[in-house]
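Encoded as structure tokens, the structure appears first; notes follow it.
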Amino acid sequence: MPCALTHIACPDLVVTTKTADVLIIVLPHQFIPKVCGQMKSHIKPGAIAISLIKGLDASTGGIQLVSHQIETLLNVEVSVLMGANLAEDVAQDQFCEATVGTLNAASGQLYCEIFNRPSFQISVVNDIASVELCGALKNIVALAAGISDGLGYGASTKAAILRIGLVEMHKFASSYYHGVELSTFMESCGVADLIATCYGGRNRRVAEAFVKTGKSIDVLEAEMLNGQKLQGPHTAHELSTILKKEGKESEYPLFTAVHKICFEGVPPQDLLKLLAKL
């Protein structure tokens, strides 16, 4: 028997925005200003938004959370959702988790009702900055993991990369944002997403090919991702801009090493030498 029609796809952004009570925003973060500009004057009064975007905005000269950027552009409440849920696994209905970061308990309950399923479990925390930063920064760590894989290193080396990466993620979050909770890094958005991305994500896969083929990240992105965009290199570049400006590169050896290898011509073979300075 045919199922009752409960969802209607609409390709018109303005039409969709006008009738939406909840805006679920998922796109490469470099396109946010343009898309939000199209939406701004059409948002339904009382609408709220949740961002699934993994990235940072450094266009203002500092690091700005994507959720704050959206909130400023659209003048709506914005929460975030991040976690260990690779697209292919979700599509196959495998068991996955996600973390919602929100300052509004009622919104958190609503997002649980929207997203929670037997195979897609949701937890809610009130630490938006940590949830969002985990989603962005883990992609830089995944690039390091992919470089390690491309060089043929084993499980112990990758484990060390994940540990160093997690330390730098927490250190950056704690240094730049108030209210950061270590417990958030134990949620799906933290260590679980870091593990999933460093073993199965596209940033890891492209970084491995970067080492093995000698091709540029841009070329590999076009060849391997069928139109998808990597967030790791862009985030690494924006983060490096801030760390250089503030003279803090030495405090984040993994983040700095990834940027040097991807953008400054440092050979991938120097990865462990750069990390050994920790």
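Taking just the C-alpha trace of the chain, give me its Rg and Dmax in Å.
My reading of the Cα-based Rg and Dmax gives 19.0, 65 Å.
Taking the radius of gyration and the Kirkwood hydrodynamic radius from Cα positions alone, what is the Rg/Rh ratio for the range 119-254, to two decimal places?
0.97
Using alpha carbon centroids, what distance separates the range 46-98 and the range 105-178, in Å?
Centre-to-centre (Cα) distance: 12 Å.
Taking 1 over the mean of 1/r across every pair of different Cα atoms in the range 177-278, what Kirkwood radius in Å do you get?
15.1 Å
Any of Lys212/Lys248; Lys40/Lys138; Lys245/Lys273 with alpha carbons more than 28 Å apart? Name them for me.
Going by Cα-Cα distance, Lys212/Lys248; Lys40/Lys138 fall outside the 28 Å limit.
Please compute the contact order of the chain in relative form: average sequence separation of alpha-carbon pairs under 8 Å and at least six residues apart, divided by the residue count, as a percent.
On the way: 456 pairs, mean separation 47.4, N = 278.
Over the chain, the number comes to 17 percent.
For Ser174, Ser59, Ser119, Ser148, write out the residues from largest to smallest accessible area, computed with a 1.4 angstrom probe and no ligands counted.
In descending accessible area the options line up as Ser59, Ser174, Ser119, Ser148.
Taking the Cα centre of the range 1-140 as origin and charging only Cβ (+1 Lys, Arg; -1 Asp, Glu), how large is the dipole, in debye to the nearest 20? Let's see the in-between values first.
Values: 7 positive and 12 negative charges, 71 e Å.
Approximately 340 debye in magnitude.
Given a 1.4 angstrom probe, what's the average accessible area per residue across the range 121-278, in square angstrom?
42 Å²
List every DSSP H helix in the chain whose Cα atoms extend 27 Å or more along the helix's own long axis and whose mean Kyte-Doolittle hydropathy is at least 0.0.
128-150, 155-176
Heavy-atom accessible area per residue, the range 19-58, 1.4 Å probe: how many Å²?
Each residue of the range 19-58 exposes 47 Å² on average to a 1.4 Å probe.
Per DSSP H run of n ≥ 4, the term is -39500 (n - 2.57); total these for the chain, divide by its residue number, and report the mean residue ellipticity at 222 nm rounded to 500 deg cm²/dmol.
When only DSSP H runs of four or more count, the value is -15500 deg cm²/dmol.
The values are calculated or read from the model by the stated rules, or taken from the named source; none is laboratory data. Worth saying up front: this structure is predicted, and the values here are computed from it rather than measured. Reconstructed Cβ throughout: ideal geometry from the backbone, glycine too, with neighbour counts over all protein chains shown. For accessibility, only protein heavy atoms count, side chains too; no ligands or nucleic acids. Shrake-Rupley method; radii C 1.70, N 1.55, O 1.52, S 1.80 Å.
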